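What follows is calculated from the coordinates using simple rules that are stated; it is not laboratory data. Keep in mind that what you see is a predicted model, and the values were worked out from it rather than measured. Quick reminder, even Gly has a Cβ in these numbers, built from the backbone with ideal geometry, and neighbours come from all protein chains shown.
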Amino acid sequence: MIEVLSPSRWPQAREAGALVGHILSTLRARSTPGTNLLDIDRWAQTMIGEAGALSCYVDYAPSFGRGPFGHYICTSVNDAVLHGLPHDYTLADGDLLSLDLAVSLGVVADSAVSFVVGGAGSPEDVAMIEATERARAAGIAAAGPGARIGDLSHAIGSVLTEAGFSINLDFGGHGVGSTMHQDPHISNSGRPGRGFALRPGLLLALEPWVMADTDELVTDADGWTLRSATGCRTAHSEHTILITEDGAEIMTVQPT
Ligand code: MG
Ligand code: MG
């Protein structure tokens, strides 16, 4: 199902997006060496509750996971790239952490950020993170009324390929609305001019992700966390955007 939000619901989308941006920004600042992933999860739970929002993750039980997820945020460290299940792990200087959060205030917002804990990070890590951010920006720039899903996929995939990454197509972006995962699927690679034509009121999550030297995933023993098959490091960036009459508006901007 593809859900098109009536303009009366756009403020809800913006509120949910601002909340997700605020929580991710706060958690990023708190994710220093010595911080435990379970602390990050607990802080996420508290902030979601204080805002009167609902977690999209805690009861989430899709076919590909060992559900329900039972936590409030995905914490993927180093070789973990998607759906990282928070567990008793203390972050160290130089860890590459991805935080992925989705909440609902009647409308859902979904966003992910990757960063190096502590110091500046290696040039390889920084380049990989920036490639996912550039790909996301290219996808957003390609979005607007009349654009097709394939245009976004092509824009995202071109950046990732030019940066030297091979793209895993098992997981990508998606429609967002009253629920977290909706049609249309937005592959991280595709052909321009193909697919569903965008219209105002569509809410979309764009989420390029890469692994340094492989496109193969393995599932962790926890039944959720997806890791690179080679143990290489990984990155993931996601924004929820609203298609408007003029183009695309980013819902999940993080305050600086
Ligand atoms: Mg997400
Ligand atoms: Mg998503």
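Side notes on the structure shown:
- If the condition is being surrounded by fewer than 19 Cβ atoms within 10 Å (Cβ to Cβ) and in contact with a Leu (Cβ under 7 Å, 6 or more places away or on another chain), then region 1-27 contributes VAL4, TRP10, GLN12, GLU15.
- Search result, residues across region 41-72 that are in contact with a strand residue (DSSP E or B) (Cβ under 6 Å, 6 or more places away or on another chain), closer than 16 Å to HIS83 by Cα and not hydroxyl-bearing (Ser, Thr, Tyr): CYS56
- Whether a residue is crowded, with 24+ Cβ neighbours inside 10 Å and either of a type in the set (Asp, Glu) or in contact (Cβ under 8 Å) with a residue 60 or more places away in the chain (or both) was assessed, and LEU226 passes this test.
- Residue ID - surrounded by the most Cβ atoms within 10 Å (Cβ to Cβ), chosen from residues in region 52-61 that are part of a loop (DSSP other than H, G, I, E, B) and in contact (Cβ under 8 Å) with a residue 40 or more places away in the chain: TYR57
- Any hit, region 90-111, residues being part of a loop (DSSP other than H, G, I, E, B), closer than 15 Å to HIS181 by Cα, away from ligand 2 (no atom under 16 Å from the Cβ) and not aliphatic (A, V, I, L, M): yes
- Scope region 116-143; condition away from ligand 2 (no atom under 16 Å from the Cβ) and touching a strand residue (DSSP E or B) at 6+ places or on another chain (Cβ under 6 Å); matching residues: VAL116, VAL117, ASP125, MET128, ILE129
- Answer from ALA221, ALA212, ALA197 - the residue that is away from ligand 2 (no atom under 16 Å from the Cβ), under 30 Å from GLU124 (Cα atoms) and surrounded by fewer than 19 Cβ atoms within 10 Å (Cβ to Cβ): ALA221
- SER8 meets the conditions (1) over 13 Å from ALA102 (Cα atoms); (2) in contact (Cβ under 8 Å) with a residue 60 or more places away in the chain in every case but one. The failed one is (2).
Per-residue answers, yes or no, for (1) closer than 10 Å to LEU206 by Cβ; (2) surrounded by fewer than 22 Cβ atoms within 10 Å (Cβ to Cβ):
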| site | (1), (2) |
| --- | --- |
| GLU124 | no, yes |
| MET128 | no, no |
| GLU133 | no, yes |
| ALA137 | yes, yes |
| ALA143 | yes, no |
| ILE149 | no, no |
| GLU162 | no, yes |
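- Given (1) polar (S, T, N, Q); (2) under 23 Å from GLY106 (Cβ atoms); (3) surrounded by fewer than 16 Cβ atoms within 10 Å (Cβ to Cβ), index of the condition THR32 fails: (2)
- Looking only at region 37-51, and only at residues there that are touching a residue at least 24 places away in the same chain (Cβ under 8 Å) and either touching a helix residue (DSSP H, G or I) at 6+ places or on another chain (Cβ under 9 Å) or more than 26 Å from LEU91 (Cα to Cα) (or both), the one that is surrounded by the fewest Cβ atoms within 10 Å (Cβ to Cβ): ALA51
- Subset of region 54-90 [of a type in the set (Gly, Ala, Ser) and under 25 Å from GLU15 (Cα atoms)]: SER55, GLY70
- Of all residues in region 65-82, those satisfying the criterion of being assigned to a loop (DSSP other than H, G, I, E, B), touching a residue at least 40 places away in the same chain (Cβ under 8 Å) and surrounded by fewer than 24 Cβ atoms within 10 Å (Cβ to Cβ) are GLY65, ARG66, PHE69, ASN78, ASP79.
- Residues within region 221-256 that are under 13 Å from SER76 (Cα atoms) and charged (D, E, K, R), tallied: 3
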